[in-house]
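> Could you have a look at this structure, given as structure tokens, before my questions?
The values are calculated or read from the model by the stated rules, or taken from the named source; none is laboratory data. This one's a predicted model, so the numbers in the text were calculated from it and none came from an experiment. Don't worry about glycine lacking a Cβ; one is built from the backbone with ideal geometry, like all the others, and counts go over all protein chains shown. We work out accessible area using only protein heavy atoms, side chains counted, and drop any ligands, DNA or RNA first. Shrake-Rupley method; radii C 1.70, N 1.55, O 1.52, S 1.80 Å.
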Amino acid sequence: MENNRNAKAGKKFLEGILVSIEIMVLFILLQILVSFVGAEAVLVSNLIRTGNDIQHAQSAVMDMMYDASYMTTLTVLGTLVSTLFSVPAYWIIWGRKKSEQDKRYFREKVLKIKPFAMIIIASCGLYYLAILISAGIAFVSPGVMEEYNEMMDMALGGSQMFAMFAAVILAPVNEECIMRGLILKNLQRFFSTPVVVLIQAVLFGVFHLNWVQGLYVLPVGASLGYVAIKSRSILPSIFMHLFYNTLSFALVLLPAFCQTGIFAVSAVLVSAVAVWYMGRTEATPQIS
């Protein structure tokens, strides 16, 4: 009897994890496919322009891979295509199934000034926490951090307008529909709230396909998952993700002191205390 229970529990665990990984991998492959098609388009256009000179065309493709403007455009296209799939997929599978109770809960409990103030304060704290984690990684492994910065400069170092569109608008909508929509809702069928928050946060880190970003987004992913569960909706987590990503562009406008380690530590501590103080009377999150 005990063995049967353990076997069922193990099967349940594997099913929950495997389905979530499959969802994540499908969307990763979709974005890789867009990148492949983009590279092939450059190759074909250069073949036509050079009269089927394959060596010259391949050289042109390699040059484009190191062109920030092209890579930023490709990042935007990849995220856009993924968003065009993730939004309707989430809506069809989960979004349209919301009960009247959930809708009423959202209107009465979530659409208030206090929850969104808490989200904004938490986002600031999480952003500076990410900076501290990144600084720790840079201290331990400067070379790895340098490679990561070069990769990010390549992916989003082209058109500033395109980079902001991808990071501030497309990425939050796409990633929330995938991670806090499709994956989190799937995990809720199998696991308790703490386990769901942990697993989807880890998968969120893996989804970024580099361990530097994968590490510093872990607390962000956990917080976004908690917000989605607490609010019974991905809309607040989209807003939180959007605001968090906006901070990366806004930080350069702040005084130099706001970019120091002392300020970062202070921001994390003050944000944590403020969110705890504002939410200490809140009820335990309910899962639909």
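> Just a yes or no: is a residue in the stretch 266-281 open to solvent by 40 Å² or more (accessible area, probe 1.4 Å), at pLDDT 95 or above and under 28 Å from Phe162 (Cα atoms)?
No: the stretch 266-281 contains no residue that is open to solvent by 40 Å² or more (accessible area, probe 1.4 Å), at pLDDT 95 or above and under 28 Å from Phe162 (Cα atoms).
> Continuing with this model, one more query. Quick one: which helices (runs of 4 or more DSSP H) sit completely within the stretch 120-194 and have at least 1 residues that are under 26 Å from Ile229 (Cα atoms)? Full working, then the answer.
Values: elements: 142-156, 160-164, 171-175, 184-187.
The qualifying helices (runs of 4 or more DSSP H) are 171-175, 184-187.
> I would also like to ask the following. Assess whether Ile137 counts as being in contact with a helix residue (DSSP H, G or I) (Cβ under 7 Å, 6 or more places away or on another chain), farther than 16 Å from Leu74 by Cα and either among the basic types (Lys, Arg) or open to solvent by 50 Å² or more (accessible area, probe 1.4 Å) (or both). Can you show your working first?
Working: in contact with a helix residue (DSSP H, G or I) (Cβ under 7 Å, 6 or more places away or on another chain): yes; farther than 16 Å from Leu74 by Cα: yes; either among the basic types (Lys, Arg) or open to solvent by 50 Å² or more (accessible area, probe 1.4 Å) (or both): no.
Considered against the rule, which asks whether it is in contact with a helix residue (DSSP H, G or I) (Cβ under 7 Å, 6 or more places away or on another chain), farther than 16 Å from Leu74 by Cα and either among the basic types (Lys, Arg) or open to solvent by 50 Å² or more (accessible area, probe 1.4 Å) (or both), Ile137 comes out as no.
> Here is a follow-up. Filter the stretch 94-110 down to residues that are under 23 Å from the mean Cα position of the chain (by Cα) and not in a helix (DSSP H, G or I), then give me how many there are.
1
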